[in-house]
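Encoded as structure tokens, the structure appears first; notes follow it.
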Amino acid sequence: MRKCDINPFSFGNVSDLEILWNQSQCSACRWLGRYGTVSADSLSQLREMGGQYLENSKVHFPGSLYKLMDKAKVEDQVKFLVLTLDHIIELMEASQHMNSEKWNPKTVGYFLKNLHRQSSELKECVAQYQKPLKFYEIRINRHFRDLKKILKKEKYSAQAWEKIRKTVRSHLHRMDIITSNAKKSF
């Protein structure tokens, strides 16, 4: 039986506070069911931002980390999603440094708004978990630090931003897979 399936009336010693806490945590985690819709909107906006994706751009992607996260505990998967979304937000908010007018600022704004929504909704779900430093935090932090270095090294050029956009797309696709796995546990 999943935590969210517990009937509070089947227990004699359950306090009102415990019932309220359980219901709020379950409703926050149920948001994972709507994550896919918002994520699809984000992917659509990302595509609209710049048209065709560069096919010949080579940026390291932490695929092995995502494979590990596919097998991780649900709480680690959800924390990983939040951490990755927050890194993507921080990275994309730096698009103000872009040297070209290639991306529509309105679409970038909608994209960031969607990412903020996903992050804040998932943070409510994560609130129930303890926050020890995990192996994946170090690796994903390093990956996004490397992406920032690419932007700086290429002086925030349009081509550098297209590399970032393609990498963000890969992250969003892989995060959808993790979300699908996590939903099965709630």
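Throughout, read-outs are computed from the coordinates displayed, never taken from laboratory work. This one's a predicted model, so the numbers in the text were calculated from it and none came from an experiment.
Legend: distances between Cα atoms for Lys106/Lys153; Lys149/Lys183; Lys102/Lys155; Lys123/Lys149; pairs beyond 23 Å are Lys106/Lys153; Lys149/Lys183; Lys123/Lys149.
Taking the range 30-184, how much of its Cα-Cα pair set, in percent, is spaced more than 27 angstrom apart? Can you show the working numbers first?
Numbers: 2380 of 11935 pairs.
Result: 20 percent of Cα pairs exceed 27 Å.
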